[in-house]
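Please read the structure below before turning to the comments.
The values are calculated or read from the model by the stated rules, or taken from the named source; none is laboratory data. As the structure is a computational prediction, the values presented were derived from the model and not from experiment. Cβ coordinates were reconstructed from backbone atoms using ideal geometry, including for glycine residues, and neighbour counts include every protein chain displayed.
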Amino acid sequence: MNQDNIYDAIIVGARCAGSPTAMLLARKAYRVLLLDRATFPSDIMSGHLIHPSGVALLKRWGLLDKVAASNCPPIRQVKFDFGPASFVGHGPSIDGVSDCYGVRRKYLDKILVDAATEAGAELRDGFSVQEILMDGDRVTGIRGRMKNGQVVTEKARIVIGADGINSLVARSVKAATYNERPSLTGCYYSYWSNFPMECGEVYIRDGRFISTEPTNDGLTQLFVQFPYHEFQEFRKDIEGNFLKTLELTPDLAKLASNAQRQEPFVGTSNNINFFRKAFGNGWALVGDARYHRDPLTAQGITNSFQDAQVLADAIDTAFSGYQPLEVTLAGYELQRDAEVMPIYDLTCQLAALEPLPPFMLQLLNALCNNPTDASQFLGIIGGAVSASAFYAPENIQRILGTAENKRSPILSA
Ligand SMILES: Cc1cc2nc3c(=O)[nH]c(=O)nc-3n(C[C@H](O)[C@H](O)[C@H](O)COP(=O)(O)OP(=O)(O)OC[C@H]3O[C@@H](n4cnc5c(N)ncnc54)[C@H](O)[C@@H]3O)c2cc1C
């Protein structure tokens with residue numbers, strides 16, 4: 001085949017993992033084909049919280065102004081309420097960013113797709129990839145159906161699966177999974193108007209997790225999570241069970257009673273947790289296709305952005321001739337595993353929705369009167385603080401000791 005007909009990269013999936021990957025490669029002048037069976041703008045089942053580390057990437061990519069202009073307020077503070085007490089704050093800033101955003105996917109994904117095409121990527125939306133083409137064990141391209149029904153074949157130096165949890169690319173190459181854990185929760189969410197909410201709020205109550213955040217167009221998203229085994233029971237009366245869950249937090253229940261739900265409930269029990277091998281001969285995975293975790297700590301969008309940046313850099317280094325592709329892709333896999341594994345463990349721990357152990361309660365209580373360390377704690381989930389540094393025994397002892405001294409003026413004198 002004529003080399004001109006071979007793309008540098010074909011990316012299957014054009015949302016928060018695929019479009020940034022396409023954009024970053026196209027900005028380096030690679031020839032990129034971006035495919036999605038969806039058309040844009042369109043929504044997808046998802047919460048919206050982007051942590052400061054994700055917002056910092058939007059800023060670096062020159063897209064933060066567009067997100068901020070999408071009629072979505074920044075989230076400057078997060079309230080963390082674990083039952084006996086609560087604290088409000090924000091994590092340390094990353095590249096000058098400490099805000100979160102709760103931008104709806106129909107707006108966010110359109111901004112990302114447009115950024116990819118503006119950078120020069122060729123987008124085919126309404127395009128369903130049906131087959132991953134192989135030459136021996138090497139992936140060489142895709143076959144799929146265009147909007148008009150025509151079936152086409154396209155070839156590339158690398159095919160990237162940004163095609164979500166049920167990735168066709170991952171299934172076709174039989175990407176091995178590891179660190180798997182079953183689905184621990186079920187969840188439902190919807191959108192309310194007349195529900196004033198300036199900060200993001202998170203509540204842990206009686207085996208339930210409740211979160212709210214302001215999103216676009218004056219709406220607030222309310223999200224509840226409950227143990228996986230309750231999903232069938234919950235869905236028998238979604239509205240009744242949702243409101244009953246909100247009653248665990250009287251402030252939210254009161255706000256809800258004066259607010260109007262604007263959209264149907266959306267929910268799932270498919271919150272499985274796993275990693276997949278990130279690369280092989282002629283292929284790589286990015287975003288949910290590569291790594292999936294319970295939505296409780298809202299990592300998916302931020303992680304997709306981070307994956308996109310590291311993967312695009314790895315491909316550029318190899319395609320520029322500095323190192324073999326399998327070496328740079330192995331680096332991508334290693335780096336991303338090391339970066340996300342601590343928060344993956346924390347997410348699975350929290351998603352078990354079990355009563356907080358006494359140590360955790362003691363620690364959270366200690367953070368209530370300690371805005372500096374509370375900020376560090378929030379920074380773990382926001383991506384600015386290393387979990388292992390925060391949980392180091394000497395740091396925990398210091399935090400608990402500070403709390404003890406505050407309670408006992410004689411000791412602190
Ligand atoms: C209930 C819920 C709440 C969540 N809340 C949050 C949150 O608050 N914050 C957060 O950061 N994350 C959240 N997440 C996770 C987040 O939604 C995902 O991590 C994120 O969508 C992953 O992006 P992605 O681009 O990898 O995949 P996706 O967004 O799933 O996109 C995959 C794309 O691939 C396309 N595709 C798939 N197969 C094919 C094919 N064969 N041919 C063509 N196109 C194909 C699909 O059409 C789709 O557009 C939540 C998830 C759920 C389920």
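Pick out the one residue from LEU296, LEU285, LEU325, LEU311 that is touching a residue at least 40 places away in the same chain (Cβ under 8 Å) and more than 25 Å from HIS51 (Cβ to Cβ).
Among LEU296, LEU285, LEU325, LEU311, only LEU325 is touching a residue at least 40 places away in the same chain (Cβ under 8 Å) and more than 25 Å from HIS51 (Cβ to Cβ).
Test each condition in (1) within 16 Å of the ligand (Cβ to nearest atom); (2) β-branched (Val, Ile, Thr); (3) under 30 Å from ALA26 (Cβ atoms) for VAL327 and report the one that comes out false.
Here VAL327 meets the rest and fails (1).
Identify, please: which residue in segment 184-230 is buried (at least 22 other Cβ atoms within 10 Å of the Cβ) and without any contact (Cβ under 8 Å) to a residue 40 or more places away in the chain and is, among those, nearest to LEU361 (Cα to Cα)?
VAL224
Looking at segment 118-152 only, could you name the residues that are of a type in the set (A, V, I, L, M, F, W, C) and closer than 19 Å to GLY18 by Cβ?
Once the filter is applied, which keeps residues that are of a type in the set (A, V, I, L, M, F, W, C) and closer than 19 Å to GLY18 by Cβ, segment 118-152 yields ALA119, ALA121, LEU123, PHE127, VAL129, ILE132, LEU133, VAL139, ILE142, MET146, VAL152.
Can you tell me which residue within segment 24-40, out of those that are among the aliphatic types (A, V, I, L, M) and in a helix (DSSP H, G or I), is surrounded by the most Cβ atoms within 10 Å (Cβ to Cβ)?
Filtering segment 24-40 for residues that are among the aliphatic types (A, V, I, L, M) and in a helix (DSSP H, G or I), the one surrounded by the most Cβ atoms within 10 Å (Cβ to Cβ) comes out as LEU25.
Would you kindly identify the strands (runs of 3 or more DSSP E) lying entirely within segment 166-270 that contain at least 1 residues that are out of contact with any Phe, Trp or Tyr (no Cβ under 9 Å at 6 or more places or on another chain)?
Output list reads 185-193, 200-205, 220-227.
Conditions tested, residue by residue: (1) at pLDDT below 95; (2) crowded, with 22+ Cβ neighbours inside 10 Å; (3) of a type outside the set (Lys, Arg); (4) within 13 Å of the ligand (Cβ to nearest atom).
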| site | (1), (2), (3), (4) |
| --- | --- |
| SER19 | no, yes, yes, yes |
| ALA22 | no, yes, yes, yes |
| SER42 | no, no, yes, yes |
| VAL67 | no, no, yes, no |
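Search segment 100-112 for residues that are under 21 Å from VAL78 (Cα atoms) and touching a residue at least 24 places away in the same chain (Cβ under 8 Å) and pair each with any residue that is more than 10 Å from the ligand (Cβ to nearest atom) and part of a helix (DSSP H, G or I) when their beta-carbon atoms are under 6 Å apart and the residues are at least 6 apart or on different chains.
Qualifying pairs under 6 Å: TYR101/VAL55; TYR101/VAL67; VAL103/VAL67; ARG104/ASN216.
Return the residues of segment 101-148 that are in a strand (DSSP E or B) and in contact with a Cys (Cβ under 9 Å, 6 or more places away or on another chain); say none if nothing qualifies.
TYR101, GLY102
For ASP345, which of the numbered conditions (1) surrounded by fewer than 16 Cβ atoms within 10 Å (Cβ to Cβ); (2) more than 21 Å from CYS187 (Cβ to Cβ); (3) of a type outside the set (Gly, Ala, Ser) fails to hold?
It fails just one condition, (2).
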